[in-house]
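Peer 1: What follows is a single structure, and I will ask about it in a moment.
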Amino acid sequence: MPEKRKARIALTNGNGYVFKSSSDLMYCVADGSYCRLYFHPEGKHYVTKSLGQLEQLLDDPNFIRVHKSHLINMQFVQEVNNHTGHQIVMKNGEELAYSRNKKQEILEYFLRKPEQQ
């Protein structure tokens, strides 16, 4: 079976486009009609796509829409905290809220066999 290619994301800059690998994308945050994308290690970029559009583009089991405003790459999760307001702590220290109804999906991700992640 052929290996699935990782999505590449085209980001505009002053001279054209920069292409980033989805495996470097830590998380996306909805921001009005834009989304903020946070890459490791470079930082933040804005795109004029909705979170739903990014979710389709990143068709990858490592990306989970954990909140109406957050799409995260589970490979960058450091901690899941259920006791202080349902927060996910990312490896860069950022804390992101997750919806209570996504708790089971988040936990199931970490219970998968490593080759399924």
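Peer 1: Simple spin-label model, 7 Å along Cα-to-Cβ: SER99 to ASN13 in nm?
Peer 2: The answer from the label model is 3.6 nm.
Peer 1: Place +1 on the Cβ of every Lys and Arg and -1 on the Cβ of every Asp and Glu in the stretch 8-112, take the dipole about the Cα centre, and give the residue among LEU111, CYS35, MET74 whose Cα lies farthest towards its positive end.
Peer 2: CYS35
Peer 1: Given charges of +1 on the Cβ of Lys and Arg and -1 on the Cβ of Asp and Glu, with all other atoms neutral, how large is the dipole of the chain about its Cα centre, in debye to the nearest 20?
Peer 2: Numbers: 16 positive and 13 negative charges, 36 e Å.
With only Lys, Arg, Asp and Glu charged at Cβ, the dipole is about 180 debye.
Peer 1: Something else now. With 10 angstrom as the radius, rank ARG65, ARG8 by how many other C-beta atoms surround their C-beta, starting from the fewest.
Peer 2: Details: ARG65 18, ARG8 11.
Going from least to most buried by this count: ARG8, ARG65.
Peer 1: Which one is right for this structure if P(r) over Cα pairs in 10 Å bins from 0, in percent is calculated from it: (1) 13, 46, 33, 8, 1; (2) 13, 41, 34, 11, 1; (3) 12, 34, 32, 16, 6, 0?
Peer 2: The listed entry that was calculated here is (1).
Peer 1: Rounded to whole Hz and in sequence order, give me ³J(HN,Hα) for the stretch 26-31 from the Karplus expression 6.51 cos²θ - 1.76 cosθ + 1.60, θ = phi - 60°, writing x for Gly and Pro.
Peer 2: Running phi through 6.51 cos²θ - 1.76 cosθ + 1.60 with θ = phi - 60° gives 7, 6, 10, 10, 5, 9 Hz.
Peer 1: Once you place label points 7 Å from the Cα toward the Cβ at TYR46 and LEU111, how far apart are they in nm?
Peer 2: 4.1
Peer 1: Would you mind ranking VAL66, VAL77 so that the residue whose beta carbon has the fewest other beta carbons within 10 Å leads the list?
Peer 2: Values: VAL66 24, VAL77 21.
Listing VAL66, VAL77 from fewest to most nearby Cβ atoms yields VAL77, VAL66.
Since every read-out is calculated from the coordinates, none of them should be taken as a lab result. Note that the structure is a prediction, hence the values are computed from the model and not measured. We place every Cβ from the backbone using ideal geometry, glycine too, and count neighbours over all the protein chains shown.
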